[in-house]
Amino acid sequence: MRETGLLLEMSSVKKSYGGVRALKGVSFDLRAGEVHALVGENGAGKSTLIKVISGAVQADAGTVMIGGDRLEHNDPSLARSRGVVVIYQQPALFPDLSVAENIALALDRPGSMWRRIDWRSRREQAKRLLETLGARIDPNAAAASLSMPEQQLVEIAKAIGAEARIFIFDEPTASLGVNETERLFAIIDDLRLRGRGIIYISHRLKEVMRLADRITVLREGETVRTSPAQAVTEEELVRLMAGAGSAAPRHEPPRAGDVVLRARGLSCSRSGVHRVDLDLRAGEITGLAGLIGAGRTELARVLFGITPATSGVIEIAGRTVFIGSARDAIRSGIAYVPEDRRRHGVILPMTIAQNVSMSILDKLSRNGLIDRERERKIADEFGARLQIRMAGVDAPVDTLSGGNQQKVALARWLATQPRVLIVDEPTQGVDVGAKGEIHALIRELSRRGIAVLLISSEIEELLEVADRILVMRGGTIVEEFERAGLTPELVLAAALGAHIRGGAGI
């Protein structure tokens, strides 16, 4: 039976952290059977609003009502008992437990711990839930062995199995491919038909326009506007979120220099990279496209020595080098900003200054002592250059929004003054304004002569930023395009192995 009425109602909610007012009196509601999108730049208050709903933090003022009942002191256990489930952008699985065990932890009820555990039933239940998502994941597999997209799908399966009434999706498609994304949309449509309420948070405005019944825009902790999705355009959303247009100007045609990195016949049996030929030139941004599983991240990890090549040759400035570790790569002038910033890009409890200096400690140390003053000065410089919103460079990274954490990860490697910069999904989960800033920075770096390899799942991003686009499929590079005259359809066709008329291939 389809539910009706309000599932969630928030009125004049306020929350401050020290002297920072994260929420300044936000009102928000969710109806049964609707998708209510929540959009805004990093720092707009979205994360804090989610934490108030889920009970992770207490509001300083205002009211929160779930299912018609006012919650005076909300907490995670109470919120879950009221049917609230949050699917965060970064998966929060227990890495040493199996997929089935992770799912079971979300579904087991209090008081069940004394019952004999039916492992077969748990595995079958996990398998059924994963199959509803079209996910072919072994329930016995350790969570640590899963890719980011697979971890995301397990998180979604947990929420589906918990039979929640209020689903909060926080950038759920950030690590999903085209097919997985469409499957998720179908699941959300089904949940809506069954009367569930969905709060959908995404920086991908096309997704928001595709799914949402209503859209609320937050800016600087305040509600700017709530309106039916049909009554607002993408251009209006950008203006409301940023307060001004945020489109970055197109860069001038590049003056590509000499080849800085050349790979020939590069293969890695462990990661599935197969006979890759690649040239990265000074002053050029090379885009790397491909569907999930095509081998893009795997290639980056081979180039950076995380999973060293088993055959093939890598040359830096015409000299053959062996890259058997990340240290070898750094010494060769290669920097790598990974896709998963929280696991591999930054160390959250450490300060911003410590994260930025992590890759250049040898330059900041004398007689075993780190020059902290110089460390903070460098962090300050990158903070200003990348426009990192922070209380100061001595603040822990986990106090920053996701977009600003990404900037810290980027600053860490820019401090090494690399000749080659590999960036994997640098704007994943980043708001419109920060996205433009990162694009502008990448262009600036290429103008300074750095060879940039930009990996992105967003074809539009590659078309906007890259000078040349390579397409991977099945662990190897299958197509190369110049940007002039290139269309998203041509790139996608190459990624799929399809053929369409017209092209800019070379």
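Any read-out appearing in this document is the output of simple, stated calculations on the displayed coordinates, not a laboratory observation. Just so it is clear, the structure is predicted and the values come from calculations on it, not from any experiment. All Cβ positions, even for glycine, are placed from backbone atoms using ideal geometry, and neighbour counts span all protein chains on display.
One table, with the values for the structure above:
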quantity	calculated
Rounded to whole Hz, the Karplus (6.51, -1.76, 1.60) HN-Hα couplings of segment 54-62, x for glycine and proline	7, x, 5, 9, 9, 5, 6, 7, x
For segment 304-319, Karplus couplings with θ = phi - 60° (6.51, -1.76, 1.60), whole Hz, Gly/Pro x	8, x, 5, 10, x, 5, 9, 7, x, 10, 10, 10, 10, 6, x, 10
FRET efficiency, Ala391 to Ser365 (Cβ-Cβ, R0 25 Å, nearest 0.05)	0.40
Karplus-derived 3J(HN,Hα), 6.51/-1.76/1.60, for each residue of segment 464-472, Hz, glycine and proline x	7, 9, 6, 8, 8, 10, 9, 10, 9
Candidates per GluC sites (Glu not before Pro) in segment 384-460, loop by DSSP, up to 14 other Cβ within 10 Å	none
For Val273, distant residues with modelled amide H under 5 Å away	Cys268
Nearest 10 degrees, 0 to 90: helix 402-414 Cα axis against the chain principal axis	20
Dipole moment magnitude, nearest 20 debye, segment 313-441 about Cα centre, only Lys, Arg, Asp, Glu C-beta charged	280
Tilt relative to the chain, helix 178-193 - C-alpha long axis, 0 to 90 degrees, to 10	10
Degrees between helix 148-161 axis and first principal axis of the chain (Cα, 0 to 90, nearest 10)	10
Cα-based shape type of the chain, given that a ≥ b ≥ c are square roots of the gyration tensor eigenvalues and the cut on a/c is 1.5	prolate
Charged-residue dipole, Cβ positions (Lys, Arg, Asp, Glu), the chain about Cα centre, Debye nearest 20	680
Amide proton proximity set for Arg196, modelled H, under 5 Å, gap of 5+	Gly33
Sequence-distant residues sharing a close amide H with Ala317 (under 5 Å, placed H)	Leu261, Arg262
Cα point-scatterer Debye curve for segment 6-242, base-10 log of I(q)/I(0) at q = 0.17 Å⁻¹	-1.29
Trypsin sites (Lys or Arg not before Pro) within segment 2-85: DSSP coil, no more than 14 neighbouring Cβ in 10 Å	Arg2
